[in-house]
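The values are calculated or read from the model by the stated rules, or taken from the named source; none is laboratory data. These numbers come from a predicted model, not from an experiment. Side chains are part of the model used for accessible areas, which takes the heavy atoms of the whole protein and leaves out ligands, DNA and RNA. Shrake-Rupley method; radii C 1.70, N 1.55, O 1.52, S 1.80 Å.
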Amino acid sequence: MKNESTFIDVPAESSSAMKGKSPLIGVAKDHTTGGYNRGLSIFDFLLRLAAIVAASVAAGTMFTSDETLPFFTQFLQFEAGYDDLPTFQFFVIAMSMVAGYIVLSLPISVVTIVRPLAAAPRLLLLVLDTAIMGLTMAAASSAAAISYVAHNGNQNTNWLPICQQFGDFCQKTSGAVVSSFVAVVFFMILVVLSGVALKRR
């Protein structure tokens, strides 16, 4: 007796066909991640524009805060200006540097919009934004301390408040301090956005 055997021919998928299916999932994932990161990059760009305004207003307001009282004596004129205090001078220089940095960072932000999955420009922005945020916070905090003393004085050191006499000067310096803290908040958000974008690569 002859052993009869039945062969069933099952066509196997070629390796090229198998490889052709797997990238579809990766492409879809990259497309989703890229779209998400592009949205973050656009928001990043808009925040930088807002931060430019905040930093420029802070520097400009402090720079133009000079006030001269309408009365004076033969030998003395009562005047207050940002250049009378080294802290306010540092504030103007620091906020001007911050505004200049943000302007220079705009092209890098545009690169992250065009190439949302690129890690190098996003990492560069993260490092630089963190450093500039520290500078902005230092300038804002030091100016806030001087502004507080100008408004309230200090009885322990016999520092008298001057804002009753130099009202416009104190109003402008306080506005500059508030604007600088707004810039700090913008930088905090920018740093968080860069971190989230890098994590979702």
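From largest to smallest, the equivalent ellipsoid semi-axes obtained for region 73-201 from the alpha-carbon gyration tensor read 40, 14, 10 Å. Surface composition of region 57-201: carbon plus sulfur atoms hold 68% of the accessible area, using a 1.4 angstrom probe and ignoring ligands, DNA and RNA. The slack in the chain from residue 127 to residue 93, taken as 0.36 nm per residue of separation less the alpha-carbon distance, amounts to 10.1 nm.
For the pair residue 50 and residue 68, the difference between a 0.36 nm per residue extended length and the Cα-Cα distance amounts to 3.2 nm.
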